[in-house]
1. Given the chain, what percent of its DSSP beta bridges are antiparallel, to the nearest 5?
2. Using 27 Å as the Cα-Cα cut-off, could you pick out the over-long pairs in K32/K195; K156/K216; K127/K216; K25/K156; K27/K224; K25/K216?
3. About the Cα centre of the stretch 175-231, what is the dipole size in debye to 20, counting +1 per Lys and Arg Cβ and -1 per Asp and Glu Cβ, all else neutral?
4. Beyond 28 Å, what share of the Cα-Cα pairs of the chain remains, rounded to the nearest whole percent?
5. Can you tell me the mean projection area, over all orientations, of the convex hull of the stretch 31-132's alpha carbons? Units nm², please.
6. Starting from the Cα coordinates of the stretch 175-231, work out the convex hull volume and express it per residue in Å³.
7. How far is helix 85-94 tilted, in degrees, relative to the longest principal axis of the Cα atoms in the chain, given as a value from 0 to 90 rounded to the nearest 10?
8. Relative to the longest principal axis of the chain, what angle (0 to 90°, nearest 10) does the C-alpha long axis of helix 52-64 take?
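Readers should treat all values here as calculations from the given coordinates under stated rules, not as data from a laboratory. Note that the coordinates shown come from a computational prediction; the quantities given were computed from them, not determined experimentally. A quick note on method: Cβ atoms are made from the backbone with ideal geometry, for glycine too, and the neighbour counts reach across all protein chains shown.
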Amino acid sequence: MKLGNSDYLPHIAYDSVIFGFSGEKLKILIMKYHNTGLFALPGGFVKIDESLNEAVRRGLQERTGLSNIYLEQFYTFGNVERHIPEVMATILRANNFDTEGEYEWLLDRFFSVAYYALINYNDVIPKPDALSDSCDWYAIDELPTLMLDHDTIVEKALQTLRDNIDRKLVGMNLLPTRFTMNELQKVYEAILGEKLRRTSFQRKILSLNILERHEKQFSGKAHKAPYLYSFTKK
């Protein structure tokens with residue numbers, strides 16, 4: 001893994017909050033750095049010859065294997081307090097990188113541009129990077145303690161997701177192409193962290209005119225078969 005000071009832009013990094021829905025819980029991808037016990041969001045740096053968005057998409061493809069991902073920038077984190085060089089030094093030493101010379105730039109202060117991504121949980125086989133032992137799904141209410149200000153980044157991402165839940169049609173990216181109304185309601189409940197009344201939810205969603213109804217999903221009992229829906233093209 002190349003991390004030389006001539007390959008990347010200084011003082012700029014990105015962190016990604018990658019959301020997936022397991023069918024019951026909202027989850028995010030978390031990495032565990034090799035030989036450190038440190039947990040973190042997937043992130044990285046911007047190469048000299050690429051844009052910020054290209055860098056983030058490159059990192060997401062490396063961790064998820066997917067290239068067509070819904071991605072949105074939501075905040076830039078730049079507090080002085082987030083600069084704790086000992087944390088990066090620990091990660092570098094654990095992976096046999098020298099903290100002086102070519103890799104010393106990684107101990108500098110970084111502004112991190114944060115993105116959230118929405119992906120179909122079942123499409124992903126998470127892959128750790130060269131500095132990590134694992135890259136795994138964790139339920140949003142069962143996260144390990146994250147390094148630096150990554151807990152704050154997750155909180156901000158979740159609040160942004162809640163604020164955009166209708167306007168951005170977040171369920172479109174967390175569900176398969178066709179889904180039941182109950183499955184869509186579970187996505188909303190997982191994001192909002194609360195139970196919703198079925199009749200009120202269905203009335204609200206149908207009033208938005210964002211769904212197309214299809215054939216019923218038969219499972220043996222015809223009178224209980226729910227309709228399938230998809231999001232309209234518009």
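1. Working: 29 of 38 bridges.
Approximately 75 percent, going by the DSSP bridge assignments.
2. On the way: K32/K195 32 Å; K156/K216 38 Å; K127/K216 36 Å; K25/K156 18 Å; K27/K224 30 Å; K25/K216 25 Å.
From the list (K32/K195; K156/K216; K127/K216; K25/K156; K27/K224; K25/K216), the Cα-Cα distance tops 27 Å for K32/K195; K156/K216; K127/K216; K27/K224.
3. Numbers: 11 positive and 5 negative charges, 53 e Å.
Dipole of the stretch 175-231, to the nearest 20 debye: 260 debye.
4. Values: 9921 of 27261 pairs.
Across the chain, Cα pairs with separations above 28 Å total 36 percent.
5. On the way: hull surface 28.9 nm².
The directionally averaged projection comes out at 7.2 nm².
6. Details: hull volume 5.4 nm³, N = 57.
Dividing the Cα hull volume of the stretch 175-231 by its residues yields 94 Å³.
7. 90
8. Relative to the chain, helix 52-64 is tipped by roughly 70 degrees.
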